[in-house]
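Asker: First the structure, which I've put down as structure tokens, then a few questions once you've had a look.
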Amino acid sequence: MKSVVVEIMEKRLSPYGFQYAGDDYLLWIFSRETEGVTQYIAMQKNRWEDAYALNIYAHGEGLPAFNSKDLSNEPEYKFQFFRFNSEKERIAVLNKLLDIAEKYGIDKLNELTQKEKSIPYEPII
């Protein structure tokens, strides 16, 4: 049985080509391959309280990772973790974070992909 987190992420991210890539304790990861670069969108649960954070990153040396507060200057998105107190609030928080991913994160991932492609490959000898 899929977790609610995976179900909601899959519904929201699969139209963009993201697929479930696995989970690790408090982290659920979706990824896609774009122009030879793997892009990731992850949902992270806070260890000490009922709260989630959105993290996005692309595979590449020196490429930064971003969370929801890094992606927008909008006041409603100024927090790294978004708290919830009920199942209804949990679903609302997940959808709010995925709104951020759709509105800002996918464009940022595409920028990171272009940055990764522009770094010249130098083999290690």
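The values are calculated or read from the model by the stated rules, or taken from the named source; none is laboratory data. Note that the structure is predicted; figures quoted are calculated from it, not measured. FYI the Cβ positions are ideal-geometry reconstructions off the backbone, even for glycines, and counts take in every protein chain you see. Just so you know, the surface numbers come from the protein's heavy atoms only, side chains and all, with ligands and any DNA or RNA stripped out. Shrake-Rupley method; radii C 1.70, N 1.55, O 1.52, S 1.80 Å.
Asker: Open to solvent by 60 Å² or more (accessible area, probe 1.4 Å), under 18 Å from residue 9 (Cβ atoms), within 14 Å of the chain's Cα centre (by Cα) and at pLDDT below 85 - does that describe any residue in region 103-113?
Answerer: So far as region 103-113 goes, no, none of its residues is open to solvent by 60 Å² or more (accessible area, probe 1.4 Å), under 18 Å from residue 9 (Cβ atoms), within 14 Å of the chain's Cα centre (by Cα) and at pLDDT below 85.
Asker: Right, another one. For region 21-59, what are the residues that are open to solvent by 20 Å² or more (accessible area, probe 1.4 Å), of a type in the set (A, V, I, L, M, F, W, C) and under 22 Å from residue 86 (Cα atoms)?
Answerer: 26, 27, 28, 48
Asker: So for region 73-88 (the condition being open to solvent by 70 Å² or more (accessible area, probe 1.4 Å), among the polar types (S, T, N, Q) and out of contact with any helix residue (DSSP H, G or I) (no Cβ under 9 Å at 6 or more places or on another chain)), does at least one residue qualify?
Answerer: Yes, region 73-88 has at least one match.
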